[in-house]
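Peer 1: Have a look at this one before I ask anything.
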Amino acid sequence: MDSTQHNRVFFFDIDNCLYPPNLGIMHLMKERIYAFGRESGLDEASVVNTCETYLRDYGLSVRGLIMHHKIDPAEFNAKVDGSIPLEDFIKPDAELRTMLQTIKVRRWAFTNAGKDHAYRVLKCLAVGDLFEGVTYCDYMEPDFPCKPERAAYYRAMKDAGVSDAQKCYFADDSTKNVETARQIGWTAVRVWPSIDDALTEGSIPQIKKIHQLPEVLPQLFS
């Protein structure tokens, strides 16, 4: 990797991006979030709507639960993130590993999940050693930033030691997240089994699985 390539960084989302959404991890996550919401005082009739509203307004349901219900972030991490049997669902992905090994720029994971969950997923996929680092959400940090807030992207850049947005690449399953990336100057790709028509007129390419990344950014691969 020459010096020019070394200065470029590819930021990879983790959940529903490095592995397919049909594994059901997010369904398990939501079930646990709702259960935790009930434990925190939300009634059965409103818990789903409240948690989904927090997700929409704050980027993560846990942020709303922390802000409005004063929950213990460590307890949330243990009962929600930490209770999901990831190893039963996520298996080593040799094709993903090969694709990551052939990319000609630096690799960095950038997730809205907590630290423990992020590293567990990367370990399950057997690709953790291929990433220089991980920018994650620290639930213990007051009002921590998360995607799609710009502050989260700037934090990821700082963590990875890159200051030029034009040297940043990004893959994520969320339309909002890739749109923010593009707005701040990153080259973004959306990864999801179906096409988002809202992006078809824009400059954000879409692929159905992360393994197809070389098809839309061939210049980054050997």
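The values are calculated or read from the model by the stated rules, or taken from the named source; none is laboratory data. None of these values were measured; they are calculated from a predicted model. Glycine also receives a Cβ, built like all others from the backbone with ideal geometry; neighbour counts cover every protein chain displayed. Remember, those area values only see protein heavy atoms, side chains included, never the ligands or the DNA or RNA. Shrake-Rupley method; radii C 1.70, N 1.55, O 1.52, S 1.80 Å.
Peer 1: Only residues that are assigned to a loop (DSSP other than H, G, I, E, B), open to solvent by 40 Å² or more (accessible area, probe 1.4 Å) and of a type in the set (A, V, I, L, M, F, W, C): list them for the range 44-77, please. Break it down into steps so the answer makes sense when it comes.
Peer 2: Taking the range 44-77 first, the residues assigned to a loop (DSSP other than H, G, I, E, B) are 44-46, 59-60, 70-72.
When the remaining residues are screened for being open to solvent by 40 Å² or more (accessible area, probe 1.4 Å), the result is 44-45, 70, 72.
Within the range 44-77, just Ala45 meets the criteria.
Peer 1: For residues that are assigned to a helix (DSSP H, G or I) and either free of Cβ contacts under 8 Å to residues at least 12 places away in the same chain or not hydrophobic (A, V, I, L, M, F, W, C) (or both), tally how many sit in the range 78-93. It would help to see each step written out before you state the result.
Peer 2: Restricting attention to the range 78-93, the residues satisfying the condition of being assigned to a helix (DSSP H, G or I) are 78-79, 81-83, 86-89.
Of the ones still in play, those that are also either free of Cβ contacts under 8 Å to residues at least 12 places away in the same chain or not hydrophobic (A, V, I, L, M, F, W, C) (or both) are 78-79, 81-83, 87-88.
Of the residues in the range 78-93, 7 are assigned to a helix (DSSP H, G or I) and either free of Cβ contacts under 8 Å to residues at least 12 places away in the same chain or not hydrophobic (A, V, I, L, M, F, W, C) (or both).
Peer 1: Which of the residues spanning the range 204-218 are buried (at least 18 other Cβ atoms within 10 Å of the Cβ) and of a type in the set (Val, Ile, Thr)?
Peer 2: The answer is Ile204, Ile207, Ile210.
Peer 1: Output the residue which, of all residues in the range 165-195 that are touching a residue at least 60 places away in the same chain (Cβ under 8 Å) and open to solvent by 60 Å² or more (accessible area, probe 1.4 Å), is farthest from Arg106 (Cα to Cα).
Peer 2: The qualifying residue farthest from Arg106 (Cα to Cα) is Pro193.
Peer 1: (1) buried (at least 18 other Cβ atoms within 10 Å of the Cβ); (2) touching a residue at least 40 places away in the same chain (Cβ under 8 Å): which one isn't true of Met140, the others all being true?
Peer 2: Just one mismatch for Met140, condition (1).
Peer 1: Shifting gears a bit: Just checking, does the range 45-58 include any residue being within 30 Å of Pro214 (Cα to Cα) and without any contact (Cβ under 8 Å) to a residue 12 or more places away in the chain?
Peer 2: Just the residues of the range 45-58 that are within 30 Å of Pro214 (Cα to Cα), to begin with: none.
Taking every residue of the range 45-58 in turn, none turns out to be within 30 Å of Pro214 (Cα to Cα) and without any contact (Cβ under 8 Å) to a residue 12 or more places away in the chain.
Peer 1: Out of all the residues in the range 102-151, which are aromatic (Phe, Trp, Tyr) and either closer than 17 Å to Asn177 by Cβ or under 13 Å from the mean Cα position of the chain (by Cα) (or both)? Walk me through how you get there before you give the answer.
Peer 2: Taking the range 102-151 and keeping what is aromatic (Phe, Trp, Tyr), we get 108, 110, 119, 131, 136, 139, 144.
Listed by number, the residues that qualify are Trp108, Phe110, Tyr119, Tyr136, Phe144.
Peer 1: Looking at Arg97, is it basic (Lys, Arg), under 25 Å from Glu215 (Cα atoms) and not in a helix (DSSP H, G or I)? If you could, list the steps in order and put the result at the bottom.
Peer 2: Working: basic (Lys, Arg): yes; under 25 Å from Glu215 (Cα atoms): yes; not in a helix (DSSP H, G or I): no.
It is false that Arg97 is basic (Lys, Arg), under 25 Å from Glu215 (Cα atoms) and not in a helix (DSSP H, G or I).
Peer 1: Starting from the range 117-135, take each residue that is under 16 Å from Phe11 (Cβ atoms) and list its partners that are among the aromatic types (Phe, Trp, Tyr) and open to solvent by less than 10 Å² (accessible area, probe 1.4 Å), counting only C-beta distances under 6 angstrom and pairs at least six apart or across chains.
Peer 2: Cβ pairs passing all conditions: Thr135/Phe110.
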